[in-house]
Amino acid sequence: MPVLGASKLGLQYADLEIFSDATIQIGERSKIGIVGPNGSGKSSLIKVLVGIQDFDAGEIFRTDNLKIGYVPQTAIEKTGGTLRQQIMSAFSEIIALEEAMADSALEIQKASDENIITAQNKYSSLLEKYESVGGYDYNNDFDKVVDGVGLYPDVLDTSIADASGGERTRAALATALLKSPDLLVLDEPTNYLDFKGLEWLEGFLSQFSHAYVVVSHDRYFLDQVTSEIWKLDQA
């Protein structure tokens with residue numbers, strides 16, 4: 001079943017045609033690589049597909065509530081906060097549940113005899129949801145992913161403003177991976193990874209149970225992680 005598709009998609013800048021008549025389909029477990037020379041529109045195409053860039057012709061179809069994890073080729077903007085806070089934003093739902101559970105536990109302590117059952121049921125409901133979204137595992141997941149992409153403990157508390165472009169890109173990659181998206185879209189993810197990081201990312205993608213699209217010039221890497229290749233020619 002496709003999670004995203006496009007029919008006769010076209011984009012141009014002024015008089016320059018970037019791509020045209022693109023009809024594509026991404027299945028729920030597709031493993032797609034995109035290749036092509038610089039200037040062929042690879043980054044523009046995926047920006048259109050994820051919904052952050054307008055297009056001039058055609059239609060795009062996405063499944064309802066499709067969760068997309070997108071890592072651009074350029075680093076995240078130098079906004080406030082640290083790299084750790086940026087990555088932990090992937091767990092915003094879990095952290096909000098932890099706060100709600102703490103409040104609910106206080107309600108149980110303060111509840112009268114006639115309200116205690118209601119308060120306990122509320123806590124049980126929150127706990128069940130917490131378990132279902134991986135609440136007991138997220139700190140371990142955080143450690144595994146940040147180590148995998150090569151962000152070591154001594155840089156995690158660096159402010160985004162002071163972090164290097166490579167560190168910010170690795171943080172964006174870690175954030176996207178930890179969000180467990182239905183569709184993961186990576187634009188040149190190998191640019192800032194060393195051999196260990198590349199090997200780890202290969203292993204991660206081989207076990208990823210949803211769809212992903214990877215733009216890369218590294219054909220060896222794509223051969224390891226994708227099952228189909230889209231080639232864009234120079235317009």
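Looking only at the range 187-208, filter to residues that are out of contact with any Leu (no Cβ under 9 Å at 6 or more places or on another chain) and not in a helix (DSSP H, G or I); which one of those is farthest from Leu177 (Cα to Cα)?
The extreme case among them is Asp194.
Which of the residues belonging to the range 26-50 are surrounded by 14 or more Cβ atoms within 10 Å (Cβ to Cβ) and either of a type in the set (S, T, N, Q) or part of a loop (DSSP other than H, G, I, E, B) (or both)? Break it down into steps so the answer makes sense when it comes.
Here is the first cut: in the range 26-50, the ones surrounded by 14 or more Cβ atoms within 10 Å (Cβ to Cβ) are 26-28, 30-36, 40-50.
Glu28, Ser30, Gly36, Ser40, Gly41, Ser43, Ser44, listed by residue number.
If you scan the range 2-41, which residues turn out to be on the phi < 0 side of the Ramachandran plot, modelled with pLDDT of 90 or more and of a type in the set (D, E, K, R)?
Glu28, Arg29, Lys31
Determine which member of the set Gly69, Gly81 is within 24 Å of Val133 (Cβ to Cβ), buried (at least 18 other Cβ atoms within 10 Å of the Cβ) and not hydrophobic (A, V, I, L, M, F, W, C). Give the steps one after another, and end with the answer.
Working: Gly81 fails: buried (at least 18 other Cβ atoms within 10 Å of the Cβ).
Sole residue among the options that is within 24 Å of Val133 (Cβ to Cβ), buried (at least 18 other Cβ atoms within 10 Å of the Cβ) and not hydrophobic (A, V, I, L, M, F, W, C): Gly69.
Please go through the range 101-119 and give me each residue that is in a helix (DSSP H, G or I) and either under 22 Å from Ser180 (Cα atoms) or out of contact with any helix residue (DSSP H, G or I) (no Cβ under 6 Å at 6 or more places or on another chain) (or both), ordered by number.
Here is the first cut: in the range 101-119, the ones in a helix (DSSP H, G or I) are 101-110, 116-119.
Scanning the range 101-119 gives Ala102, Asp103, Ala105, Leu106, Gln109, Lys110, Ile116, Ile117, Thr118.
Note down all Cβ pairs under 7 Å where the first residue falls in the range 125-151 and is over 24 Å from Arg84 (Cβ atoms) and part of a helix (DSSP H, G or I), the second is open to solvent by less than 40 Å² (accessible area, probe 1.4 Å) and among the aliphatic types (A, V, I, L, M), and they're at least six residues apart or on different chains.
Leu126/Leu97; Leu126/Ala100; Leu126/Met101; Leu127/Met101; Lys129/Leu97
Lys144: closer than 30 Å to Val214 by Cα and either surrounded by 12 or more Cβ atoms within 10 Å (Cβ to Cβ) or among the hydrophobic types (A, V, I, L, M, F, W, C) (or both), yes or no? Spell out how you get there, then give the answer.
Numbers: closer than 30 Å to Val214 by Cα: yes; either surrounded by 12 or more Cβ atoms within 10 Å (Cβ to Cβ) or among the hydrophobic types (A, V, I, L, M, F, W, C) (or both): yes.
In short, yes.
Just checking, which of Phe55, Phe91 is aromatic (Phe, Trp, Tyr), in a loop (DSSP other than H, G, I, E, B) and touching a residue at least 12 places away in the same chain (Cβ under 8 Å)?
Values: Phe91 fails: in a loop (DSSP other than H, G, I, E, B).
Result of the check over Phe55, Phe91: Phe55.
The values are calculated or read from the model by the stated rules, or taken from the named source; none is laboratory data. What you are looking at is a predicted structure, and each value in this text was computed from that prediction instead of being measured. When we count neighbours, we look across all protein chains shown, and the Cβ atoms used for this are built from the backbone with ideal geometry, even at glycine. Remember, those area values only see protein heavy atoms, side chains included, never the ligands or the DNA or RNA. Shrake-Rupley method; radii C 1.70, N 1.55, O 1.52, S 1.80 Å.
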